[in-house]
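A short write-up of the structure that comes next.
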Amino acid sequence: MNDADESAAAIARAYREEWPRIVATLIAATGDWDVAEDATADAFEKAAARWRTEGVPRTPGAWLTTVARNRALDVLRRRGVESAKVREWMAMDEAMGGPPTDPAELAAAAADWDDRLRLVFTCAHPALPLEGRVALTLRTVGGLDTAEIARAFLVPESTMAQRLVRAKRKIRNAGIPYRVPSAEELPERLLGVLAVLMLVHNEGYLASSGDRLLRLDLQEEAIRLTRLVVELLPDAPEPRALLALLLLQHARSPARVDATGDLVPLDEQDRSRWNAAELAEGLAVVDALEREPHAAAGPYRLQAEIQAVHARAATAADTDWRAIVRCYDRLREIQPVPVVELNRAVALGLAGEVGAALDELGRLEASGRLGDYHLLPAAQADLLRRAGRFDAAAARYRDAIGLAPTGPERRFLERRLAELESLAIE
Amino acid sequence: MRYMMFVATDPEAEPFVPEDDTIGEWVAEVEARGVHVLGDRLRPVEDATLVRVRSGELLVTDGPFTESKEWIGGFDILECRDLDEAIEIASKHPMARFGRIELRPFWPLDANEDPVEREEREAGDRGRRTEPAPEPAGGR
């Protein structure tokens with residue numbers, strides 16, 4: 001590896017590992033999110049220029065922190081801002097005869113400089129609009145730039161920039177604290193953090209099945225950020241459960257779409273194309289969680305267990321649908337939402353109880369709780385098709401097609417309908 | 001930080017049960033904690049008076065004429081460490097159950113500042129909540 005390659009690799013690695021740590025530290029010190037982000041970005045730019053010629057420093061994190069801190073201090077000093085921490089830094093620099101240039105000086109202090117958990121919780125504060133929480137988490141914790149995030153969410157860059165500005169402004173103006181919630185608040189606020197990560201993943205899931213080419217894999221970003229939360233809160237079971245859930249779903253990505261960009265349903269996927277490393281890691285986490293005595297499984301744990309059942313089945317026919325129904329039974333107790341009812345009914349049908357499943361879907365439809373959700377008639381159509389009731393199935397496919405958004409999902413439903421219609425002609 | 005807590009009615013909240021009205025305990029707690037600056041309930045809208053000056057002419061009427069089912073029934077001014085403390089206090093107010101509560105941070109005003117300069121300085125802080133409409137993409 002030559003020096004240029006080596007320095008580029010070191011920067012890429014440092015970016016993933018050090019970005020949130022440095023931003024979090026600078027926010028804690030300055031109280032200014034923009035200064036913290038700009039100074040950190042500036043430090044990485046300087047690293048890109050200097051590591052190439054001067055070589056990679058022995059402690060890249062300390063080098064970057066020093067440069068970012070000096071930059072932030074410079075900006076704040078010019079603005080005449082004086083927080084307690086900034087005053088302390090200035091006094092320190094004065095006593096040392098100038099800002100530190102030797103990273104070793106800061107490396108000593110860097111060990112207890114972990115404000116990343118505060119950053120994670122503040123970015124996901126429930127008083128921020130949901131899309132602001134998602135954008136801020138990707139930008140500030142994930143270190144992605146505004147243009148990348150905007151492209152991933154299919155919005156103009158100016159819209160995404162404005163979302164970020166508003167979120168940061170509300171943090172400042174509404175007095176949203178920069179701290180880890182109290183023990184009392186923590187479980188609920190942690191679920192809020194995980195919900196944001198799940199949303200990032202879901203957006204990536206849609207994108208990977210949608211008609212869009214992306215440079216950024218949001219599913220991978222969600223996995224990366226969930227790993228960070230696991231690292232920061234190693235004893236909490238739900239972040240680990242979310243990690244397993246995301247890994248097990250992401251493992252199937254290579255098989256979810258065929259060469260022409262069409263969706264391949266789970267039972268028709270080529271399982272040899274599933275990512276073996278991600279499956280193994282996800283299953284290991286689920287196994288470990290199952291061995292630990294937790295009071296009660298949370299929603300992510302149950303969803304991870306459902307994905308684990310799929311992951312363990314060598315073929316679609318081997319799927320233990322009874323086990324999946326049992327997971328949905330428990331999930332329904334803690335999350336009595338109609339989508340869980342829908343999925344439970346589908347699992348029940350695939351476990352062999354087609355009549356009971358269709359009855360449940362009929363009740364769900366009559367309740368109107370799912371509104372015009374296309375997956376309800378799509379689920380009915382699929383069960384009717386499997387039961388050989390082709391005319392009824394075709395009618396439900398037509399309903400689903402009418403409600404489905406354009407794109408791969410609708411094309412999938414149209415393909416199924418065409419298959420049934422060709423059967424009817426024969 | 002100082003917050004205004006608007007205490008409002010909400011037709012979708014639980015019906016009011018006088019026996020469960022814990023306002024006395026709430027007031028005692030916030031006073032004891034030293035976070036309560038001022039607070040009271042407000043007479044209903046029928047007793048409100050609307051004052052306007054239009055083209056230099058004073059108009060005093062009965063009002064406001066809103067048909068709204070949600071109206072402000074009281075307020076409290078809180079002095080809190082941060083939003084989380086304000087949320088915690090608001091969540092214990094009985095009207096969080098029987099109505100709803102809106103927390104608004106104070107925005108201290110320097111009455112001696114030149115209003116034109118203030119407007120220029122703060123224009124960005126009064127952002128509209130609407131975003132430009134997303135592009136009509138067919139992706140989703």
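Computed from the coordinates by the stated procedures, all read-outs in this text should not be read as laboratory data. Worth saying up front: this structure is predicted, and the values here are computed from it rather than measured. Note that we place each Cβ from the backbone using ideal geometry, even for glycine, and neighbour counts take in every protein chain shown.
Quick notes on this one:
- Highest-fluctuation residue, A:GLN303, A:GLN249, A:GLN162 considered, GNM on chain A with Cα pairs under 10 Å: A:GLN162
- Debye intensity ratio in log₁₀ form over the Cα atoms of the protein assembly as shown, taken at each q of 0.06, 0.10 Å⁻¹: -0.42, -1.08
- For A:SER367, A:SER253, B:SER55, order by how many other beta-carbon atoms lie within 10 Å, fewest first: B:SER55, A:SER367, A:SER253
- Relative contact order of chain A: 9 percent, from C-alpha pairs under 8 Å at least 6 residues apart in sequence.
- Helical mean residue ellipticity (222 nm; -39500 (n - 2.57) per DSSP H run of 4+; nearest 500) of chain B: -6500 deg cm²/dmol
- Residues B:THR49, B:THR22 arranged by fewest to most Cβ contacts within 10 Å: B:THR49, B:THR22
- Dipole of the protein assembly as shown, positive direction: furthest Cα of B:SER55, B:VAL45, A:ALA127, with charges on the beta-carbon: A:ALA127
- Max mean-square fluctuation residue, GNM over chain A, Cα-Cα springs under 10 Å, options A:ILE334, A:ILE11, A:ILE22: A:ILE334
- GNM result for chain A, Cα springs below 10 Å: residue of A:ARG291, A:ARG116, A:ARG163 fluctuating most strongly: A:ARG291
- Sites listed here are chymotrypsin sites (Phe, Trp or Tyr not before Pro) in segment A:286-329 whose DSSP assignment is loop and whose Cβ has at most 16 other Cβ atoms within 10 Å, and the list is empty.
- A Förster distance of 30 Å, applied to the separation of the beta-carbon atoms of B:ASN112 and A:ALA127, puts the FRET efficiency at 0.40.
- Under the simplified labelling scheme, the A:ASP372-A:GLU6 pair shows an inter-label distance of 6.2 nm, with each label point 7 Å from Cα along Cα→Cβ.
- The residue among B:ALA32, B:ALA86, A:LEU358 whose Cα reaches farthest toward the positive pole of the charge dipole of the protein assembly as shown, with charges on the beta-carbon of Lys, Arg, Asp and Glu, is A:LEU358.
- Structure-based [θ]222 nm, chain A - -39500 (n - 2.57) summed over DSSP H runs of at least 4, per residue, nearest 500: -23000 deg cm²/dmol
- Summing Cβ point charges (Lys, Arg +1; Asp, Glu -1) relative to the Cα centre of the protein assembly as shown gives a dipole of roughly 920 debye.
- Working note: Karplus 6.51/-1.76/1.60 with θ = phi - 60° gives segment A:38-49 the couplings 4, 5, 5, 4, 4, 4, 5, 5, 5, 4, 4, 6 Hz, where Gly and Pro are set to x.
- Filtered trypsin sites (Lys or Arg not before Pro), segment A:1-84: DSSP coil and at most 10 other beta carbons within 10 Å: A:ARG58
- For segment A:189-198, the Karplus equation 6.51 cos²θ - 1.76 cosθ + 1.60, evaluated at θ = phi - 60°, returns couplings of 5, 5, 4, x, 4, 5, 5, 5, 5, 4 Hz by residue, with Gly and Pro reported as x.
- Stretchable slack from A:ARG58 to A:SER158, in nm (0.36 nm times residue separation minus alpha-carbon distance): 32.1 nm
- Test item: Cα-centred dipole of segment A:2-56, Lys/Arg +1 and Asp/Glu -1 on Cβ, debye: 160 debye
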